1. Would you please classify the overall shape of the range 1-154 from the alpha carbon gyration tensor, given that a ≥ b ≥ c denote the square roots of the eigenvalues, rounded means a/c under 1.5, and beyond that prolate means a/b larger than b/c while oblate covers the rest?
2. Select from the range 83-178 those trypsin sites (Lys or Arg not before Pro) which occupy a DSSP coil region and have at most 12 other Cβ atoms within 10 Å, ordered by residue number.
3. By how many nm would the segment from Ala139 to Glu59 lengthen if fully extended, with 0.36 nm per residue of separation less the alpha-carbon distance?
4. For helix 322-335, what angle does its Cα long axis make with the longest principal axis of the chain, in degrees from 0 to 90 and rounded to 10?
5. Taking θ = phi - 60°, what integer Hz values does the Karplus form 6.51 cos²θ - 1.76 cosθ + 1.60 yield along the range 141-148, in sequence order, with x for Gly and Pro?
6. Could you please put Cys173, Cys51 in sequence from largest to smallest accessible area, using a 1.4 Å probe?
7. Is the shape of the range 137-272 best called rounded, prolate or oblate, per the rule: a/c under 1.5 gives rounded, else a/b larger than b/c gives prolate, else oblate, with a ≥ b ≥ c the square roots of the Cα gyration tensor eigenvalues?
8. Would you work out the charge dipole size for the chain about its Cα centre, treating the Cβ of every Lys and Arg as +1 and the Cβ of every Asp and Glu as -1, and quote it to the nearest 20 debye?
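The values are calculated or read from the model by the stated rules, or taken from the named source; none is laboratory data. Model, not experiment: these values are computed from the prediction. Positions of Cβ are generated from backbone atoms using ideal geometry, with glycine treated the same way; all protein chains shown enter the neighbour counts. Keep in mind that these areas ignore ligands, DNA and RNA; they rest on the heavy atoms of the full protein, side chains included. Shrake-Rupley method; radii C 1.70, N 1.55, O 1.52, S 1.80 Å.
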Amino acid sequence: MAIVPQNPMVHNHLAQLEVRADFLASRLTGGPLPPELGEIQAVIRDIRAACLSGAAEPEDLLWSRIYQTERRLALLEPEETLVAELRRRLDQAVEQRVQSAPRLQAYLDAAMPLVADTAQTPPGLKPGGATRLRALLLAVLEETHWTLQRKFHARPIQKKAARLVAFLGIIGCAIFLLPYIAIYLAPRPEAPGRLAFSGWAWLPLYTAASTGFFGAMFSRLLTLQANRAAMTLGELNDARSFWSNVLRGAVGTTGAIIVYFFLLSGVVGGALIPKFDLMGFDQFSHPKEATAAVTPLSLVLPNAQLALLVVWSFLAGFSERLVPSVLKSSEVAIREPPKPNP
């Protein structure tokens, strides 16, 4: 067996199971103990001994055995404490954000009138009621244990996926910033003058493509961070796949390029649509006149039109619905017959 590090949560959970088994044994002192209870106590001792010796199973298999033992103990719950234990477990399921907790609570609310015998003093359970409640208690424990083990199994997958998406996002951001890094690292002429960008005809299309990829990675990272608790294991495995993320980046890049040509075509207009004939850089110094005490800061910044292109391209990569909605609206506009002039 693999050597696993000592986990205090494992020992704490085993201690709880030991005490619970002792409690059940104390309630049955009037007769022979059920053989199931003796087997459960032996299993708990074996697991604890294996953990203390460092020869336990891998941690995920170890928790599976512990949860299995806990469910077997639940089947021996006395009738007089069965309802209270079931409600406690349901509260625990809500705290652990078990998705089926509301449905299980509804099952209990519907079952109580059928199993509760209010004619007794104090109220008890009707014949067969304990079996129904134990089955429901078992279902609650199964759903809770599945949720806990899913979290345990998903945690390393989430970390790997987050690292991969963050790495690709940093690469996309670096690719987007390359022209600006070149500007700031370019040697400055000793005499004051303005930098020439006449050979940068590729910059608008390059900006659209690189910003679309960066937006797609940023969207992927936000989705992973916000929805990791609700994502299935298949979705998490897909999120940590290199080629799956590259495909998402390619979709964002393609969408940004489509939006680029859509804006360039002049189909739509307005203050938020970039004007490509005015696209460029603003160069100025602040303050405009140097003094003995203040050295002017020479700034080279993308102008408002280039900034608008960056925003549109980022949105095209970030939102998977933007490009389909733009294409759909264009299709509708093309199909509509032109209105006659009055």
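1. oblate
2. Those satisfying the criteria are Arg97.
3. 26.5 nm
4. So the helix axis and the longest Cα principal axis differ by about 60 degrees.
5. 5, 4, 5, 5, 5, 4, 4, 5
6. Accessible-area ranking of Cys173, Cys51, largest first: Cys173, Cys51.
7. Prolate is the answer for the range 137-272, as a/c is 1.5 or above and a/b outweighs b/c.
8. 640 debye
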